[in-house]
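Take a look at the structure below.
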Amino acid sequence: MRTFYDIHMHAFNLSHPSLSVFLQRSDLLDSLFKSPPDTKSQAATLWCFLRKIMGYLLIVIGILILVPIAIVVLPIFLLFKKKILKRFAQFILNISVVKDSIGKAMRTLTFFEIPLEYQFIVLDYYLKSKIEYFEDEKHIVMGNTAYNKIVLCPLVIDFGRKNIPDGVFYRYTPKSPIANQVGDLLYAIRTYYRFNVNVMDDKMHLSTEIFDWENRKAEKLFEIYPFMGLDTKNYDDWNGLEILLDKYFYEFEASDSPKIRRERLFNKMGKLDSNMYIKTEGHYHNVFAGIKLYPQLGFDPYPDAPEEFEKVKNLYLYCIKKRIPITTHCSDGGYKVAENNHLTSPLGKWKKVLEQKEFEELTLNFAHFGSQKGKQTEWRNAIIELTKKYPNVYTDISCNDMTDEYYNNLGKLFNSANPQLHKKVLFGSDFSINLLVTEAYSYNHYLETFSDAELPYKTELCELNPERFLFGGIN
Ligand SMILES: [Zn+2]
């Protein structure tokens with residue numbers, strides 16, 4: 001059996017990402033106004049660029065001309081306003097950058113509007129449209145390798161209740177930071193293993209509940225191992241935090257073999273519903289495979305305040321003691337509520353964390369390979385150095401821009417100056433967020449692009465490395 005891993009994806013619907021934070025994403029406008037897809041040839045790139053310039057010029061000229069004209073033609077406008085407004089709207093909608101950004105927003109919303117409960121079933125259904133029959137088994141073909149399983153790691157993000165703008169009336173509402181998000185995710189996993197779908201008369205129907213679903217779990221394409229989102233600031237002290245960690249990770253041991261770790265997670269998968277308040281001992285053990293941290297939302301990897309440092313230090317020691325993998329957001333974009341690059345950068349606080357003897361064993365994935373705006377590579381280079389020094393430091397390539405140029409440059413990094421790197425890079429998609437910020441129009445599309453890319457060490461990236469990052473094992 002071969003398993004393909006997507007170490008970094010998300011399962012959200014519109015109620016989870018704290019839309020007020022979502023709308024404040026610093027890179028939202030940048031990404032919406034990026035060039036349209038066809039960047040294959042130089043001529044196409046130039047044409048894109050010209051169209052973009054023309055688009056912006058038209059907007060500026062439009063404003064300059066329209067203001068004086070509006071004054072002159074206002075009486076006529078009032079007579080025929082409906083017709084004129086419609087024409088103007090059509091003109092704006094036809095500008096290519098506007099068209100492209102509306103397209104991205106629409107495909108993201110279309111997916112976000114699917115109830116979370118059904119999202120894995122929908123992904124599974126559409127992926128299977130690309131399954132190739134290989135001898136007598138079904139496989140997903142990636143490059144030259146056929147995989148019969150896909151492990152998905154949906155990362156939960158602790159959005160908390162930050163940055164509520166001034167003047168908002170409903171400021172202090174009871175809201176448990178992530179319980180609803182986690183409950184909905186567990187319910188979605190449960191639904192995935194209990195039902196199939198079929199399409200009839202252009203409608204997707206759920207099957208009746210699968211008989212003996214627990215024993216037939218292995219027949220499904222996905223194994224789903226989520227990461228728990230955490231911000232130490234949302235917990236009063238280490239005691240409270242430890243109770244929470246024990247609730248989920250109590251049975252984890254550093255000495256677990258990869259087989260045992262995976263089996264425990266597999267056995268629990270699909271058994272829980274959305275009730276997050278059950279008191280039975282062990283009820284929530286082994287539902288999460290790791291922890292997700294998000295410095296751009298305010299998590300501080302090395303806080304100065306002693307009480308905060310106490311929590312963070314104990315969190316790291318707990319993760320080392322039980323070999324719990326951590327993924328930390330590492331790009332200068334993403335959900336940002338303030339200027340938190342100093343917390344996110346692999347050069348500053350994180351470097352200091354790893355330099356402490358007691359933390360050097362942390363199993364840590366710097367997400368997005370430290371992607372920065374423009375062609376900056378400072379963070380990426382810092383991550384490469386950290387992967388040389390520390391045995392359990394990894395980086396993922398989620399939310400990359402999917403171009404030949406990206407994969408070419410990545411391939412060139414696997415050279416004699418970085419002999420360890422091909423064992424440290426993990427495949428990730430950042431689906432469904434990537435629908436908004438990359439050219440991906442579907443999960444299939446993102447996987448197909450990786451499958452077709454000219455890139456050495458693909459098996460390491462999407463199979464061997466993530467397996468080791470998740471479940472442990474020898475480097
Ligand atoms: Zn992400």
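Every read-out reported here was derived from the displayed coordinates using simple, explicitly stated rules and does not represent laboratory data. All values derive from a computational prediction rather than experimental measurement. Glycine gets a Cβ as well: all are built from the backbone with ideal geometry, and neighbour counts include every protein chain shown.
Loop-located chymotrypsin sites (Phe, Trp or Tyr not before Pro) in segment 190-262 (DSSP state not H, G, I, E or B) with no more than 10 neighbouring Cβ atoms inside 10 Å: Phe211. Local charge sum around Asn275 (other residues, Cβ-Cβ under 13 Å, Lys/Arg +1, Asp/Glu -1)? Net charge in that neighbourhood comes out at +1.
Of the GluC sites (Glu not before Pro) found in segment 185-262, the ones in coil according to DSSP and having at most 16 other Cβ atoms within 10 Å of their Cβ are Glu209, Glu214, Glu251, Glu253. Between the alpha-carbon centres of segment 335-389 and segment 397-475 there is a gap of 18 Å.
Projected onto its three principal axes, the C-alpha set of segment 42-104 covers 48, 23, 14 Å, listed from the longest axis down.
Computed from label points 7 Å out along Cα-Cβ, the spacing between Thr108 and Ala417 is 3.5 nm.
Residues whose amide H falls under 5 Å from that of Val393, counting only those 5 or more places apart or on a different chain, are Leu364, with hydrogens built in the peptide plane. For segment 306-358, the list of GluC sites (Glu not before Pro) that fall in a loop by DSSP and count at most 16 other C-beta atoms within 10 angstrom reads Glu339. Residue by residue, segment 322-331 carries 3J(HN,Hα) couplings of 10, 6, 8, x, 10, 10, 10, 4, 9, 9 Hz when phi is fed to the Karplus relation 6.51 cos²θ - 1.76 cosθ + 1.60 (θ = phi - 60°); x denotes Gly or Pro. The simple spin-label model puts a point 7 Å past each Cα toward its Cβ; for Tyr277 and Glu339 those points are separated by 4.3 nm. When only Cα pairs below 8 angstrom with a gap of at least 6 residues are kept, the chain shows a relative contact order of 20 percent.
Simple rule: put +1 on each Lys or Arg Cβ and -1 on each Asp or Glu Cβ in the chain, find the dipole, and look at Leu85, Phe309, Met204; the Cα lying farthest toward the positive end is Leu85.
As a calculated quantity, the FRET efficiency between Ile474 and Lys128 at R0 = 41 Å, using C-beta atoms, amounts to about 0.75. In the chain, the DSSP beta bridges split such that about 30 percent are antiparallel, to the nearest 5.
Above 24 Å, the calculated P(r) of segment 291-408 contains 23 percent of its Cα-Cα pairs. Think of the chain as a dipole: +1 on every Lys or Arg Cβ, -1 on every Asp or Glu Cβ, centred on the Cα centre; then among Thr387, Ile76, Ser274, Ile76 lies furthest on the positive end. Pairs from the table (Lys351/Lys412; Lys203/Lys458; Lys104/Lys336) lying more than 30 angstrom apart at Cα are Lys203/Lys458.
Stokes-Einstein diffusion for segment 140-268, with the hydrodynamic radius set to the Kirkwood value over Cα pairs and evaluated at 20 °C in a medium of 1.002 mPa s, equals 116 µm²/s. Computed from the Cβ-Cβ distance with R0 of 45 Å, the FRET efficiency linking Thr459 to Val199 stands at 0.85.
Under 5 Å from the amide H of Leu293 lie the amide H atoms of Thr327, Thr328, His329, each residue being 5 or more positions distant or on a separate chain, with H modelled from the backbone and absent for Pro and chain starts. With the highest mean first, a sort of the peptides 414-420, 449-455, 426-432, 153-159 on other beta-carbon atoms found within 10 angstrom per residue produces 426-432, 153-159, 449-455, 414-420. Assuming a ≥ b ≥ c are the square roots of the Cα gyration tensor eigenvalues, decide whether segment 402-475 counts as rounded (a/c under 1.5), prolate (otherwise, with a/b larger than b/c) or oblate. Oblate is the answer for segment 402-475, as a/c is 1.5 or above yet b/c matches or exceeds a/b.
Just to be sure I follow the definition: excluding the sites themselves, where is the longest run in the chain that has none of the trypsin sites (Lys or Arg not before Pro) in a DSSP loop with at most 12 other Cβ atoms within 10 Å? Result for the longest clean stretch: 376-475. Dividing the Cα radius of gyration of the chain by its Kirkwood radius returns 0.99 for Rg/Rh.
Across segment 431-470, Cα-Cα pairs more than 14 Å apart make up 56 percent of the total.
The angle separating the long axis of helix 404-413 from the principal Cα axis of greatest extent in the chain is about 40 degrees. Karplus-derived 3J(HN,Hα) values for segment 189-194, using 6.51 cos²θ - 1.76 cosθ + 1.60 with θ = phi - 60°, are 5, 4, 5, 4, 7, 9 Hz; glycine and proline are entered as x.
Separation of segment 195-219 and segment 262-285, taken as the distance between their Cα centroids, equals 22 angstrom.
For segment 337-353, putting each phi into the Karplus relation 6.51 cos²θ - 1.76 cosθ + 1.60 with θ = phi - 60° gives couplings of 10, 7, 7, 10, 4, 5, 7, 7, 4, x, 7, x, 4, 5, 4, 4, 4 Hz, in residue order, rounded to whole numbers and with x for Gly and Pro. Take every Cα pair under 8 Å whose residues are at least 6 apart in sequence, average their separation, divide by the length of segment 204-310, and the relative contact order is 42 percent.
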